[in-house]
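To keep things clear, I will list the structure first and then write my remarks on it.
The values are calculated or read from the model by the stated rules, or taken from the named source; none is laboratory data. Predicted, not measured: the structure shown is a model, and the values here were computed from it. Cβ atoms come from the backbone with ideal geometry, glycine included; neighbour counts cover every protein chain shown. Keep in mind that these areas ignore ligands, DNA and RNA; they rest on the heavy atoms of the full protein, side chains included. Shrake-Rupley method; radii C 1.70, N 1.55, O 1.52, S 1.80 Å.
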Amino acid sequence: MRKFLKNIIVFSLLTAALFLIGEIVARSMPSSYSYKHNWILKNGDHISTLILGSSHTYYGLRPNLLGDSVFNLANVSQTPEYDLYLLKTYLPCMPNLKRIIFPVSYFTYSDPAMEKGDEWRVAVRYKTQMNLTVHSDFSIYNLEISDFEAYCAKLKNLVFKSRSNQCDSLGFGLGFDLANRNPHWKETARERAEGHTRTSPGRFDEAIHTQETLIELASKNGIETVIVTTPGYEGYTNSFNPAQYEEMKKGVRLLVKNHAVKYYDFMNDSIFRDNDFYDPDHLSDVGASRLSLVLADSLKSSFTKKR
C-alpha cells in the first residue's frame, strides 16, 4: 500500500510539473493578442484611429491603407462587450486617439455573449495574453489550457518552429490571401449564413446598450465613432433570414439617430467582386485593400453611405 501511495504521489507531482511547464511555455509564446497588447503599451500615443470588432474587421481593414497612425485591435469572434473592455483598458495609453471604427454584421445582435457561446474559450486569450481584468486571476479564464485547441497549437508551433494566428505590424490579420482560398468557397455560402442565423432569441437590447456605452465613452473623450458593415458574397447575403437582417439594420439606425455616428454600409456593394472574397463573409487580402482604400476616401470626404 505504501508503495502504491508513493507511486500515486510521484505521478501526481510529475503531472502537475508538466502542466505548470506547459502553462508557462504557452503563456510565453507570441500571438496576435500578446503582440497587440505590448504594441499599444509601447506605442499607444501614436494611435489616432483604432479599429475594433470581429474577424470582419480583423481581416477586412488594413491600417496602412486607412491613413496615418491607425491600429487594428479587432480579433476573431470579438463581441461588442470585448470591444468595450479593450477601449476602457487601453484608452489611457492612447492620448491622441481621435476615432474608433467598429463593425455591425449580420450576427452582431444575434450571437450570445462570448462566455455563453460555443467559443467561450476565446475569452482566455484576453486574460492570459492581454491581461484584461474582466475575469478573476483564479478563474478558468486565467489558464491557457482552458483554451485547449489554442494551447495545443502553441505547443505544436514550438516543436515545429511555426506560427499561427499572426497579424502584421499594425494588427491586420494575416492568412486570408487570395492565393490560399479554397476553390469551393462559394459552395459554403448558404451553410455559413445559416450558421450565423440565430436559432434562439437574440440579445438585441444587450448588445445595443454595450455599443451605446462604447460610443458615449468615446464621445466623452473627444473621439468620433465610425460604424462599418463589411461586404458579403451575394450567395451569403441572399441566404439571410430577413427578420434578423432587418434587426441588424434597425440597430444601426438607432445608433446613428441617437449618437450621430457615421455609418458606411458595404454589405451588398457592387464594387466588390469574387476575388475580393476569401470566403462568403470575409474579404481576401485583395478585398481588404479595396475596402480600406474606399473607406479612407469616404472618411476624408466625411460622406456617410446610406442604403
Residue match in the stretch 24-37 (condition: farther than 21 Å from Cys167 by Cα and modelled with pLDDT under 95): yes
On the given criteria, is Leu91 open to solvent by less than 20 Å² (accessible area, probe 1.4 Å) and either on the phi > 0 side of the Ramachandran plot or hydrophobic (A, V, I, L, M, F, W, C) (or both)? no
Selection over the stretch 122-137 where residues are buried (at least 20 other Cβ atoms within 10 Å of the Cβ) and either among the basic types (Lys, Arg) or farther than 16 Å from Ser34 by Cα (or both) yields a count of 2
Which listed residue, of Lys257, Lys249, Lys262, is at negative phi, in contact with an Asp or Glu (Cβ under 9 Å, 6 or more places away or on another chain) and open to solvent by 60 Å² or more (accessible area, probe 1.4 Å): Lys249
Report, ordered by the first and then the second residue, all pairs with beta carbons closer than 7 Å, sequence separation of six or more or different chains, a first member in the stretch 233-254 that is free of Cβ contacts under 8 Å to residues at least 12 places away in the same chain and in a helix (DSSP H, G or I), and a second member that is of a type in the set (S, T, N, Q) and open to solvent by less than 20 Å² (accessible area, probe 1.4 Å). none
The helices (runs of 4 or more DSSP H) lying entirely within the stretch 30-136 that contain at least 3 residues which are more than 23 Å from Met248 (Cα to Cα) and in contact (Cβ under 8 Å) with a residue 40 or more places away in the chain are 32-43, 63-66, 80-90, 123-128
Would the stretch 61-68 turn up any residue that is open to solvent by less than 10 Å² (accessible area, probe 1.4 Å) and either closer than 16 Å to Phe172 by Cα or among the basic types (Lys, Arg) (or both)? yes
The stretch 188-204, residues that are surrounded by fewer than 17 Cβ atoms within 10 Å (Cβ to Cβ) and out of contact with any helix residue (DSSP H, G or I) (no Cβ under 8 Å at 6 or more places or on another chain): Glu191, Glu194, Gly195, Thr199, Ser200, Pro201
